[in-house]
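Asks: Below is one structure. I have some questions about it.
The values are calculated or read from the model by the stated rules, or taken from the named source; none is laboratory data. What you are looking at is a predicted structure, and each value in this text was computed from that prediction instead of being measured. No Cβ is skipped: glycine too gets one built from the backbone with ideal geometry, and neighbour counts run over all protein chains shown. Ligands, DNA and RNA are stripped out before the accessible areas are found, and what is left, the full protein with its side chains, is counted by its heavy atoms. Shrake-Rupley method; radii C 1.70, N 1.55, O 1.52, S 1.80 Å.
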Amino acid sequence: MTRARASSPSPALGARLLAWYDRFGRKDLPWQANATPYRVWVSEIMLQQTQVATVIPYYLRFIERFPDVDVLACATLDEVLHLWTGLGYYARARNLHRAACIIREHYHGELPRDIGLLMQLPGIGRSTAGALLALAHGEHHAILDGNVKRVLARFHAIAGWPGAPAVEKKLWALAEAHLPAARLRDYTQAFMDLGATLCTRGQPACARCPLAHDCAAYADGRATDFPSPKPCAAKPVRRITFVMLRNKEGAVLLMQRPPAGIWGGLWSFPECTHRSGRKIQRWCESELGFIVEHVERHGPLHHTFSHFHLDILPMVAEVTGQRPAVMEIRPAIWYNITKPDARGLAAPVQRLLLELAKHPARKIHDANGELRKTGPRGRSSQAPAVSGRARQTDF
Ligand code: SF4
């Protein structure tokens, strides 16, 4: 059977999408009940780059703790990052918090209803603003998130990477042209659902798709050829050493990272580039002011960011010295790993802390807290289990 290539927006697309949504669309997502602009906003930010199933427990905890803009704006960034720990892309949480402060100060705690004003808030782009107005108020705005880009690129067989400005412009024009006259709330949700459940990246279920009749990519048997992948340069690899300083009580030193950059504002281990136990011992003493009694190497972690790979070598250093100078000049704490408090932690840091909690400190302190003589100062040893690159934790 031959199908006509969909070269122009089909007036029937919206109707078919809505009919499909009425039968198969998702209507019981937590942010769909009582869909206030605030709740929709939080969900839309969490759903960027993240799947629904992952988001739901984070969303429920977040809304319980921060039920509205005012409560979010009054919270500390640390509290916000704590509830974001593990969700990734932490700039989203920082922007959410900053935007909440602006909304409280300039808009009496209510999200503005004007798309231009919304787009001036940190972390809200054109698609998020459109989704917010369509889902919360049923207004006539298009969205162009990853799912919609994929569906439109296939439906119209649009070549090129959707992130390229010319391609994106074309997709925006199509997204606008397809908007139906009514039921914008359902239509927006339907488009997102179709992309998430049928027109998926790897295995589109075209046989069950309400748009299959005039989908250009399907007609050509090339559904998975669209959208074109991002032209990629090889990602560079950075190598760092996490120095996990543990004191005689078993607490671990964490330092707060600068507000900008990777894991901005989160708590993490001191970092250096040394790989050997002796050099790390000297670094801890000269840079941090600790006396190191024992250094132990653990299995490496591999973490991928959007623009580089990070190879992490975790080294545990048993130390003495309660409050060296570094703790006076940078935000730093002794983190009790058996009774952790509310801190924003990067995912690898959280995993390493959990592993450390399972492996108590070496018995190098006696009952009075004094160091026992366990061997030459600064000796290092290799942990028995060493992970491969693909494994995230292994000790
Ligand atoms: S027919 Fe296939 S490729 Fe086209 S929109 Fe539907 S699921 Fe996607």
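Asks: Determine whether segment 166-175 contains at least one residue that is within 16 Å of the ligand (Cβ to nearest atom) and out of contact with any Lys or Arg (no Cβ under 6 Å at 6 or more places or on another chain).
Replies: Within segment 166-175, one or more residues are within 16 Å of the ligand (Cβ to nearest atom) and out of contact with any Lys or Arg (no Cβ under 6 Å at 6 or more places or on another chain).
Asks: Based on what the data block shows, is Val237 open to solvent by less than 20 Å² (accessible area, probe 1.4 Å) and at pLDDT 90 or above?
Replies: So Val237 does not fit the description; no.
Asks: Separate question: Those residues that are in a loop (DSSP other than H, G, I, E, B) and modelled with pLDDT under 90, I need them from segment 266-296; list them, please. Break it down stepwise before answering.
Replies: Our first condition is that a residue be in a loop (DSSP other than H, G, I, E, B); within segment 266-296, this holds for 266, 269-270, 273-276, 289-290.
Passing the criteria: Gly289, Phe290.
Asks: Given the residues Ala93, Ala53, Ala73, Ala100, which is the only one that is in a helix (DSSP H, G or I), open to solvent by 60 Å² or more (accessible area, probe 1.4 Å) and at negative phi?
Replies: After ruling out the rest, the residue left standing is Ala53.
Asks: Pick from Ala136, Ala153, Ala142: which is in contact with a helix residue (DSSP H, G or I) (Cβ under 6 Å, 6 or more places away or on another chain), small (Gly, Ala, Ser) and under 28 Å from Ala164 (Cβ atoms)?
Replies: Ala142
Asks: Looking at (1) within 16 Å of the ligand (Cβ to nearest atom); (2) crowded, with 18+ Cβ neighbours inside 10 Å, which is the one condition that is false for Ser228?
Replies: (2)
Asks: Only one of Thr197, Thr188 is β-branched (Val, Ile, Thr), within 16 Å of the ligand (Cβ to nearest atom) and not assigned by TED's automatic domain parsing to the domain that holds Phe305; which? Spell out how you get there, then give the answer.
Replies: Details: Thr188 fails: within 16 Å of the ligand (Cβ to nearest atom).
After applying the criteria, what remains is Thr197.
Asks: For the structure I just gave you, tell me whether Arg297 is open to solvent by 10 Å² or more (accessible area, probe 1.4 Å), touching a Leu at 6+ places or on another chain (Cβ under 6 Å) and assigned by TED's automatic domain parsing to the domain that holds Thr320.
Replies: Numbers: open to solvent by 10 Å² or more (accessible area, probe 1.4 Å): yes; touching a Leu at 6+ places or on another chain (Cβ under 6 Å): no; assigned by TED's automatic domain parsing to the domain that holds Thr320: yes.
Answer is no for this residue.
Asks: Looking at segment 134-162, I want the residues that are closer than 20 Å to Val52 by Cα and in contact (Cβ under 8 Å) with a residue 60 or more places away in the chain and have a partner that is of a type in the set (D, E, K, R) and in a loop (DSSP other than H, G, I, E, B) with Cβ atoms under 7 Å, at least 6 apart or on another chain. Which pairs are those?
Replies: Arg150/Arg201
Asks: Continuing with this model, one more query. Would you check which residues across segment 217-234 are of a type in the set (A, V, I, L, M) and either within 21 Å of the chain's Cα centre (by Cα) or at pLDDT below 95 (or both) and list them?
Replies: Within segment 217-234, Ala233, Ala234 qualify.
Asks: Further question on the same structure: Please enumerate the residues belonging to segment 174-217 that are more than 23 Å from Val40 (Cα to Cα), assigned to a helix (DSSP H, G or I), open to solvent by 70 Å² or more (accessible area, probe 1.4 Å) and of a type outside the set (A, V, I, L, M).
Replies: Scanning segment 174-217 gives Arg208, His213.
Asks: Please list, ordered by first then second residue, the pairs with beta carbon atoms under 8 Å, 6 or more apart or interchain, first in segment 15-30 and in the same structural domain as Leu60 (by TED's automatic domain parsing), second among the basic types (Lys, Arg).
Replies: So the pair list comes out as Leu18/Arg183.
Asks: May I pose another question? With the condition kept exactly as written, say whether any residue in segment 123-132 is more than 13 Å from Tyr187 (Cα to Cα), open to solvent by 50 Å² or more (accessible area, probe 1.4 Å) and among the hydrophobic types (A, V, I, L, M, F, W, C).
Replies: No: zero hits.
Asks: Further question on the same structure: If you take the residues in segment 240-274 that are open to solvent by 70 Å² or more (accessible area, probe 1.4 Å) and without any contact (Cβ under 8 Å) to a residue 12 or more places away in the chain, which one is farthest from the ligand (Cβ to nearest atom)?
Replies: Among those that are open to solvent by 70 Å² or more (accessible area, probe 1.4 Å) and without any contact (Cβ under 8 Å) to a residue 12 or more places away in the chain, it is Pro258.
Asks: Tell me whether segment 148-160 contains one or more residues that are within 25 Å of Val42 (Cα to Cα), more than 10 Å from the ligand (Cβ to nearest atom) and either open to solvent by 10 Å² or more (accessible area, probe 1.4 Å) or assigned to a helix (DSSP H, G or I) (or both). I'd like the intermediate steps shown before the answer.
Replies: So in segment 148-160, the residues within 25 Å of Val42 (Cα to Cα) come out as 148-151.
Add one more test, that the residue is more than 10 Å from the ligand (Cβ to nearest atom), and what stays is 148-149.
From the residues that got through so far, the ones that are either open to solvent by 10 Å² or more (accessible area, probe 1.4 Å) or assigned to a helix (DSSP H, G or I) (or both) too are 148-149.
Yes, there is a match, as at least one residue in segment 148-160 is within 25 Å of Val42 (Cα to Cα), more than 10 Å from the ligand (Cβ to nearest atom) and either open to solvent by 10 Å² or more (accessible area, probe 1.4 Å) or assigned to a helix (DSSP H, G or I) (or both).
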